[in-house]
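The values are calculated or read from the model by the stated rules, or taken from the named source; none is laboratory data. Everything quoted here is computed from the prediction, not taken from an experiment. Please note: Cβ atoms are built from the backbone with ideal geometry, for glycine as well, and neighbour counts cover all protein chains shown.
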Amino acid sequence: MLKKLDEIKQQAIEELGNITDKADLEALRVAKLGKKGVITGILKQMGSLSAEERPIVGQKANQIRGEIESLIKQKQAQLQQAEQERKLAAETVDVTVPGKKPEIGHTHPLSIVLDEVKEIFSGMGFDVVEGPEVEWDYYNFEALNIPKGHPARDTQDTFYITENMLLRTQTSPVQIRTMEKRNPPLRVIAPGRVYRSDAVDATHSPLFHQIEGLVLDEGITMADLKGTLEAFAKRLYGEQTKTRFRPHHFPFTEPSCEMDVSCFKCGGKGCSMCKGEGWIEILGGGMVHPKVLKNGGVDADKYSGFAFGIGLERLVMFRFGIDDMRLLYENNLKFLEQF
């Protein structure tokens, strides 16, 4: 048995020299040291030995077991080191290879122009305010001098949630909410999303953006409205821009007007963008109706003001020569990468 134990050790040493992976190493450990391994098999035969031989063979078996365990641990460490070296070699980075250019996002054209509009009006002392998109009928219509049954409601194509709750059709409700919270004088713009039940085409969408403006103070006149909007147009489209005001009607302003700017593509000579007229309509406005001031809790005898509403999509389309409003919402990367 002593000779057999020496042979088992020598055989283990030879087999360990040929092992290259952990699976084979585990198989060798089980074959030599496991419950059914060769050393265990020898120990089971010790019952046939004399009392003098048993301790000698037992000591020898434990010695060989320990030596083989030590050799297996050494081999395990060698395999782990070799595996780590292979991984490092495979993951080596060639610092001379040119790096991949990271994809950089582009600011959306709606955001580009909206940021410019905010900057222009902020420079004139306007604050930026917001209001809820899910609005009460009172704020969206009645407080703006559009009572139930008014024909102007028919042109809004409103998304009603309940009889008295709706998705706002304009940002004008923010006027009333601001007047309820703040006392004159005040100058604010209120950009945001609005909703109308329009069929989707090149110039219409059920979701679009408006920028509402409101100025209240003592002695405000149409001259203040005209000067403010002219300054805005020149800042946005260039100092050469000319403006034209035309009479119009809005229930919440009196008198009311629409403002055109000279076509920035042809300079007013007439082209496809301005449909040969030389002028492009960009907004509507007027002096705040006394009833609207009263509904907002403002003394109409002491204060006056003007309001205006700008369609953001219209500004963007004219600014960048976009002829289809749907392009602004399709998330086409080839289109957005141009800006």
Selection within segment 70-84 - at pLDDT 85 or above and either more than 24 Å from A27 (Cα to Cα) or not aliphatic (A, V, I, L, M) (or both):
S70, K73, Q74, Q76, Q78, Q80, Q81, E83, Q84
Picking from K44, K36, the residue that is more than 30 Å from N331 (Cα to Cα) and either in a loop (DSSP other than H, G, I, E, B) or small (G, A, S) (or both) would be K36
Quick check: is even one residue across segment 170-183 more than 20 Å from L293 (Cβ to Cβ) and modelled with pLDDT under 95?
no
Residues of segment 264-295 being modelled with pLDDT of 85 or more and under 35 Å from the mean Cα position of the chain (by Cα), which ones?
E281, I282, L283, G284, G285
Quick one: F308 ticks every box in (1) modelled with pLDDT of 90 or more; (2) of a type outside the set (G, A, S); (3) out of contact with any helix residue (DSSP H, G or I) (no Cβ under 6 Å at 6 or more places or on another chain); (4) in a helix (DSSP H, G or I) bar one, so which box is it?
(4)
Consider only pairs whose beta carbons are under 8 Å apart and that are at least six residues apart or on different chains; among these, list those whose first residue lies in segment 42-69 and is closer than 26 Å to L16 by Cβ and in the same structural domain as R29 (by TED's automatic domain parsing) and whose second residue is crowded, with 16+ Cβ neighbours inside 10 Å and basic (K, R).
I42/K4; I64/K9; E67/K9; I68/K9; I68/K32
Scanning segment 122-145 for residues that are within 19 Å of R193 (Cα to Cα) and aromatic (F, W, Y), the one surrounded by the most Cβ atoms within 10 Å (Cβ to Cβ) turns out to be F141
Consider segment 240-250. How many of its residues are surrounded by 19 or more Cβ atoms within 10 Å (Cβ to Cβ) and of a type outside the set (A, V, I, L, M, F, W, C)?
0
Search segment 112-136 for residues that are in the same structural domain as L312 (by TED's automatic domain parsing) and pair each with any residue that is in a loop (DSSP other than H, G, I, E, B) and basic (K, R) when their beta-carbon atoms are under 7 Å apart and the residues are at least 6 apart or on different chains.
E133/R168; E135/R168
Which residue is farthest from D299 (Cα to Cα), if the candidates are limited to segment 167-219 and must be in contact with a Gly (Cβ under 9 Å, 6 or more places away or on another chain) and of a type in the set (D, E)?
E212
Within segment 67-107, can you find the residues that are among the acidic types (D, E) and over 19 Å from K9 (Cβ atoms)?
E83, E85, E91, D94, E103
Go over the candidates G213, G227 one by one and state the one that is touching a residue at least 60 places away in the same chain (Cβ under 8 Å) and under 26 Å from N183 (Cα atoms).
G213
Which one of these is in contact with a His (Cβ under 7 Å, 6 or more places away or on another chain) and either in a helix (DSSP H, G or I) or surrounded by 14 or more Cβ atoms within 10 Å (Cβ to Cβ) (or both): L79, L110?
L110
Just to be sure before I move on: is M287 part of a strand (DSSP E or B), without any contact (Cβ under 8 Å) to a residue 60 or more places away in the chain, touching a strand residue (DSSP E or B) at 6+ places or on another chain (Cβ under 8 Å) and closer than 25 Å to V128 by Cα in the structure I sent?
no
